[in-house]
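Taking it in order: structure first as structure tokens, then the write-up.
The values are calculated or read from the model by the stated rules, or taken from the named source; none is laboratory data. All figures in this text were calculated on a predicted structure; none of them were measured in a lab. Please note: Cβ atoms are built from the backbone with ideal geometry, for glycine as well, and neighbour counts cover all protein chains shown. SASA here: full protein model, heavy atoms, side chains in, ligands and nucleic acids out. Shrake-Rupley method; radii C 1.70, N 1.55, O 1.52, S 1.80 Å.
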Amino acid sequence: MWDPKDWQFFNLTRRQVLEAGTAVSISGAISPAIAQEQPPANASSPLPEHGMTVDVVCRINGQPTALQIDARASLLDMLRERLGLVGAKKGCDHGQCGACTVHLDGRRIASCLTLAAKVDGREVTTIEGIAGDHGLHPMQQAFIDHDALQCGYCTPGQIMAAIACVKEGHASSPEDIRQYMSANICRCGAYVGIVAAIEQAAPQIERG
């Protein structure tokens, strides 16, 4: 009968032998599957080696802009990484927090979910482009007046959404404001100030 002490002849422990056997068994089981999934050596790659690029020509904050970008890039990444417009924030990157809100052709969108290629020939407005020649936008001033911010991280998206909320006709009551601003999360909980700021700025924005 084989004595377990004889394993020492090979300078291996019983644990090492079992681990080695398990590894061989697993590799043998998955190798055929891997071989079947691998494309032929002469198959073409679905994407170019360095990614596909597209040309985008649009207006951003009133300025003509022309860029060559990765076709897979989001509008948020184009604004922040290519143009240095860092007001729109990357919060959840899943369109669930509203920190990246900008306007596309006058309508609010989540820029993290919008392909940059989709804005070709269109107008993009960010928080950097809303102040006028004579000072802050009325909504920016109202946020200051009502302390409608704490850490400030979500504030650019909140302001862009608030302006859209007024222009969409949803600022007639606190209840409407809360409903139509619900897609923008303030983790600091400055909601009372945000509603008050929108109520203050709404008449001035509506007058134009």
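Data for the structure
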read-out	value
Kirkwood Rh, angstrom, segment 152-200 [1 / mean 1/r, Cα pairs]	10.5 Å
Angstrom value of the Kirkwood radius, inverse mean 1/r, which spans all Cα pairs in segment 44-143	14.4 Å
HN-Hα J in Hz across segment 157-164 - Karplus 6.51, -1.76, 1.60, θ = phi - 60°, x for Gly and Pro	x, 4, 5, 5, 5, 5, 4, 5
Gained length - Val57 relative to Asp70, 0.36 nm times residue gap less alpha-carbon distance	3.3 nm
Interchain or long-range residues, amide H under 5 Å from Ile60's placed H	Thr65, Val124
Accessible area of segment 45-174 belonging to carbon and sulfur atoms, whole % at 1.4 Å probe	50 percent
Hz values of 3J(HN,Hα) by residue in segment 68-76 - Karplus curve (6.51, -1.76, 1.60), Gly and Pro given as x	10, 10, 5, 4, 8, 6, 7, 4, 4
Accessible area expressed per residue, segment 51-208, with surrounding protein chains retained (probe 1.4 Å, Å²)	51 Å²
Whole-Hz ³J(HN,Hα) from phi, Karplus 6.51 cos²θ - 1.76 cosθ + 1.60, for segment 105-116, glycine and proline x	6, x, 10, 6, 9, 8, 5, 6, 9, 9, 5, 4
Mean Cβ neighbour count within 10 Å, used as a protection proxy, ranking 58-67, 163-172 highest first	163-172, 58-67
Rg(Cα) / (2.2 N^0.38 Å) computed for segment 106-186, rounded to two decimals	1.15
Calculated diffusion of segment 69-208, Stokes-Einstein form, Kirkwood radius summed over Cα pairs, 20 °C and 1.002 mPa s, µm²/s	142 µm²/s
Nearest-0.05 FRET efficiency for Val192 and Tyr153, computed from C-beta distance (R0 30 Å)	0.95
Cα-projected label distance for Asp105 with Ser173, points at 7 Å along beta-carbon direction, nm	3.2 nm
Where the Cα pairs of segment 124-168 fall when distances are cut into 5 Å bins, in %	5, 21, 34, 27, 11, 2
Long-range HN-HN contacts of Ala71 with modeled amide H, under 5 Å	Met52, Thr53, Val54
Protection-proxy order for peptides 192-198, 116-122, 132-138, each taking the mean of Cβ atoms within 10 Å per residue, highest first	192-198, 116-122, 132-138
